[in-house]
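Here's the structure, in structure tokens; my notes come after.
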Amino acid sequence: MTIETCIAFCGAADFVFAGIEFGHCDSTIQIPSVQEPATDCDMACSGNSTELCGGPVRINIFQNLNTPLPVIVQNVTAGKGLWTYQGCFTDTVTSRTLGTGVNIPSGTTAESCTAACQAAGGFQFAGLENGHECWCDNQINAPGQHVGDADCREVCSATHAEYCGNSNRVAVYEFSASGVPPVQVCQSTSVSNFTLVAEFATPPTSGPLSVPLKLVAVEIVGTTIWSILSVRVLSTLCSSVSMLIPVL
């Protein structure tokens, strides 16, 4: 194994990243991997002792800058209708978040899965899971819970340009016949106090996966601008204004 042979192998398979440890390659830097000092990667390559090929539980990673990073597809058009990404949800084999599986011989992508769910019976929801699975339903079933997009970062087997959920994680899309994106799904919670954060639609390869979110909302009544003094948490992860004060 050398750096060159690993990069050549990963490039031929259309991967974005090549990692030198035991010849590993992938299109995603997996969580919870974190960057460590370069000096930790001090093991000589078996095929060229002048090169370094990682180290004990350490991997040298190279990125192909000519290939775009994979993304979670946000919208898929379907005639006059529109499929809109609703988020990443938990899933289990014994209790499916979306109940109808669809086989797609040509390969599963956001485009092919949403089309298959539409053709299979006009389902409202479509979901990508485990890199190659397609699921359909007319509702999001309990106990599926909305989780961070970073959990749905397994590339599609059919194309390394897109993410297709993950193991026990399903990337859900909702159909709107009018072409107007449906309201983002709100999930019930028993949490009484939480901090709002914003997650990247396309997670970065390094740095934080989310940033604190400051909620700013105003309403104009006549010539007076009103801003939020406080909010109260409802039974879902949505909030409602409880008091407004005028901004002078």
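The values are calculated or read from the model by the stated rules, or taken from the named source; none is laboratory data. Please read all numbers here as calculations on a predicted model, not as lab measurements. Here the Cβ is made from the backbone with ideal geometry for all residues, glycine too, and neighbour counts use every protein chain on show.
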(Q) Please go through (1) buried (at least 17 other Cβ atoms within 10 Å of the Cβ); (2) touching a strand residue (DSSP E or B) at 6+ places or on another chain (Cβ under 7 Å); (3) charged (D, E, K, R); (4) over 21 Å from S157 (Cα atoms) for E36 and return the number of the only condition it doesn't satisfy. (A) (1)
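Listed here are the residues, each with its yes/no results for (1) surrounded by 14 or more Cβ atoms within 10 Å (Cβ to Cβ); (2) out of contact with any Leu (no Cβ under 6 Å at 6 or more places or on another chain); (3) modelled with pLDDT of 85 or more.
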site	(1), (2), (3)
A8	no, yes, yes
A13	no, yes, no
P56	no, yes, no
I61	yes, yes, yes
N66	no, yes, yes
V76	yes, yes, yes
T84	yes, yes, yes
T90	yes, yes, yes
(Q) On the basis of being in a helix (DSSP H, G or I) and farther than 23 Å from Y173 by Cα, does F15 make the cut? (A) no
Q.
For the condition in contact with a Pro (Cβ under 6 Å, 6 or more places away or on another chain) and closer than 26 Å to G148 by Cα, what is the one hit in T90, T84?
A. T84
**Q.** Where a residue in segment 60-78 is over 25 Å from C41 (Cβ atoms) and its partner, wherever it lies, is assigned to a loop (DSSP other than H, G, I, E, B), with Cβ under 6 Å and at least six apart
**A.** V71/T202
Q) Counting only residues that are among the β-branched types (V, I, T) and free of Cβ contacts under 8 Å to residues at least 12 places away in the same chain, how many does segment 28-59 have? A) 4
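Quick grid of which residues meet (1) within 26 Å of I29 (Cβ to Cβ); (2) in a loop (DSSP other than H, G, I, E, B):
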{"site": "C88", "(1), (2)": "yes, no"}
{"site": "R96", "(1), (2)": "no, yes"}
{"site": "S106", "(1), (2)": "no, yes"}
{"site": "G121", "(1), (2)": "no, yes"}
{"site": "G127", "(1), (2)": "yes, no"}
{"site": "V170", "(1), (2)": "yes, no"}
{"site": "E174", "(1), (2)": "no, no"}
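Yes or no, residue by residue, for (1) acidic (D, E); (2) under 17 Å from G179 (Cβ atoms); (3) not assigned by TED's automatic domain parsing to the domain that holds F123:
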| position | (1), (2), (3) |
| --- | --- |
| L69 | no, no, yes |
| G81 | no, yes, no |
| Y85 | no, yes, no |
| S95 | no, no, no |
| T108 | no, no, no |
